[in-house]
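Encoded as structure tokens, the structure appears first; notes follow it.
Please treat every number below as a calculation from the coordinates, not as lab data. Note that the coordinates shown come from a computational prediction; the quantities given were computed from them, not determined experimentally. Cβ sites come from the backbone with ideal geometry, for glycine too, and all protein chains shown count toward neighbours.
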Amino acid sequence: MEDMAMMGSSKVLAAAAHGFENFVLQAGGDPDSILGDVGLTLDHLREPTHAIPLANYCRMLETASERSKSPDFGLLYGSQFQPEMFGLIGFIALASPTAGAALQNFADLFRFHQNGTETRLFAHQGMLRLEYKITDSRIMKRSHDAEFTIAAFANVLRRVLGEDWTPVQVEFEHESPECLSRHHQIFDANVMFGKSANALIFRPEQLDAPLPGGNAPLLDVLCASLTAVSCDNGPDDSSDLLTRARNEIQSRMAEGSVSLKSVADGLKAPVWTLQRRLRDQGITFSELVEDVRRKLARHYVHQSGIPLTEVALLLGYSEASAFSRAFRQWYGVSPRTLRTHHRASRPGQ
């Protein structure tokens, strides 16, 4: 059993587990046993604004999939998850004046619903991308969270853009499962795996359409309520600066050289404070960057859909050969060799 207090500072509001108990029962699982094994209880999930550790939440979905023998557990749970089930962040989307405002508010304020996460809405090559990615570098097993979240996000878009809305393409970080029939049924779009983020790609249409539930005074109240119960600790929370530094380094890794000042600025902390906290933990900044890069390298190499040349760029290397040399120093084998061994060890391969 994993101790809830030991799972780190990234949190998610318990509204994200709305209906989990009944859904597990319908899938033939035992919710009490699943929750107990990941350090949670049903009481933790019953108060929508109660913050629970994000790592425990992700493990809850992974364990539910294993116990119920449902390889699409996260996807199916997300496909029936309606905007209201998200709690405050869902109601904020529905109370926004237009479809475009709903999506922007949802993306911009999602960090208050769940931290240790990057959620972005932006234009790219004539399309809009709604991206979601856990940035907490300690949470590696998160494929069911990704599929739950993207499926649930799709329901938000259907609500504000029309029930007939479909994405042009769906992308996931993790490797492709053996069967994709349910993915195609739920999204009715091209679904790709091994990408750098989880995303819904869609046409920028109907964004000015007014929402029937648009209510400016209510929206203000909902936004104030969400920030009051926020999972986003903000710049003054120093409870786990090392973890936040890891996350900040990871988010900047593709920039190449990650500097102490840029990370401190991102954390809104003085450079000397960050240096002192790292020293107290017995690690230097350069050692921390190296550790984040090393662990992230292994994670990306296991994602066979990401070309190794792209992995090198994601880790800040300008040349694949430099990445390969570093990887050999870390793990004693080339990234290509490790990827081949990992692929061969997967069930059914």
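Before moving on, here are some points about what is shown:
- Semi-axes of the equivalent ellipsoid of the stretch 165-234 are 32, 20, 11 Å, computed as sqrt(5λ) over the eigenvalues of the C-alpha gyration tensor in descending order.
- Per-selection Kirkwood Rh - the stretch 238-349 (Cα, Å, 1 d.p.): 15.0 Å
- The relative contact order of the stretch 4-228 comes to 22 percent, based on Cα pairs under 8 Å that sit 6 or more residues apart.
- Cross-link partners for residue 261 among the aspartates and glutamates, with Cα-Cα distance under 13 Å and sequence neighbours closer than 8 places in the same chain left out: 248.
- Crossing angle, helix 271-280 versus the chain [Cα axis fit, 0-90 degrees, rounded to tens]: 70 degrees
- Net charge, residue 152 excluded, C-beta distance under 13 Å - Lys, Arg +1, Asp, Glu -1: -1
- GNM top mover of 285, 86, 122 - the chain, alpha-carbon springs below 10 Å: 122
- The candidate values were (i) 20.3, 66; (ii) 23.1, 86; (iii) 20.3, 60; the one computed from these coordinates for Rg and Dmax of the Cα atoms in Å carries the label (iii).
- Proximal aspartates and glutamates relative to residue 69, as straight alpha-carbon distance under 15 Å, when same-chain residues fewer than 8 apart are discounted: 30, 178
- Computed over neighbours whose Cβ is under 10 Å from that of residue 262, the net charge equals -1, Lys and Arg +1, Asp and Glu -1.
- Secondary-structure-derived ellipticity at 222 nm for the chain, considering helices only, amounts to -15500 deg cm²/dmol, per-run term -39500 (n - 2.57) for DSSP H runs with n ≥ 4.
- Within a straight-line Cα-Cα reach of under 19 Å, residue 195 can be paired with the following lysines, leaving aside sequence neighbours fewer than 8 residues apart in one chain: 133, 141, 295.
- Exposure proxy shown here: for 164, 208, the number of other Cβ atoms within 10 Å sets the order, fewest to most, as 164, 208.
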